[in-house]
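Data block below; observations after.
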Amino acid sequence: MNFTPKRILEDPHDVKPYPSVDQYMTKKLIVFTPNQFIEEAMEVLVENKISGAPVINDEGDLVGMLSEKDCLHIVLESRYLNFPASQGKVKDYMTKAVMSITPDRDVVEVAMLFKNSNYRRYPIVKKGKLIGQVSRRDILRAAIDLKSTTW
């Protein structure tokens, strides 16, 4: 008897047991530009109750991250060095060496990254362009969505 399957099964080594972060990432982001005034960026962080945001150039490339911790340098400079904060730009305070991830990373891999670092968020980049961001809270949301037998 001749048997021809109607569909070809995927390679079992190719199947990921956990969802990828692109299912949980935030796509509508507040972003900053390098030449934006730092005082304005700080106001945006406070008004939106966020602890940081990506910094992108005109082409949409990720060039840094600006966090509350980065902004604390401004408080210290303005207090101890008598440097007016309003004159600084985001590029002067942002973290330039940014750890980013790709959208195909699974949520367990990213949970391990968070566990082993002090980062609160990872920008998600595809072909050099910022496409989203995943936070610790997003990974917790993924954990709740997953069945306990698969987590």
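The values are calculated or read from the model by the stated rules, or taken from the named source; none is laboratory data. Quick caveat: nothing in here was measured; it's all calculated off a predicted structure. Glycine gets a Cβ as well: all are built from the backbone with ideal geometry, and neighbour counts include every protein chain shown.
Elements of the type helices (runs of 4 or more DSSP H) sitting completely within region 16-118 and holding at least 2 residues that are aliphatic (A, V, I, L, M): these cover 38-47, 68-80, 107-115. Among the residues examined, R136 does not qualify as more than 19 Å from S51 (Cα to Cα), of a type outside the set (D, E) and in contact with a helix residue (DSSP H, G or I) (Cβ under 8 Å, 6 or more places away or on another chain). Within region 16-38, being in contact (Cβ under 8 Å) with a residue 40 or more places away in the chain, among the charged types (D, E, K, R) and surrounded by fewer than 15 Cβ atoms within 10 Å (Cβ to Cβ) holds for K16, K27. Based on what the data block shows, is R141 closer than 21 Å to L29 by Cβ, modelled with pLDDT under 95 and either touching a helix residue (DSSP H, G or I) at 6+ places or on another chain (Cβ under 7 Å) or hydrophobic (A, V, I, L, M, F, W, C) (or both)? The answer is no for R141.
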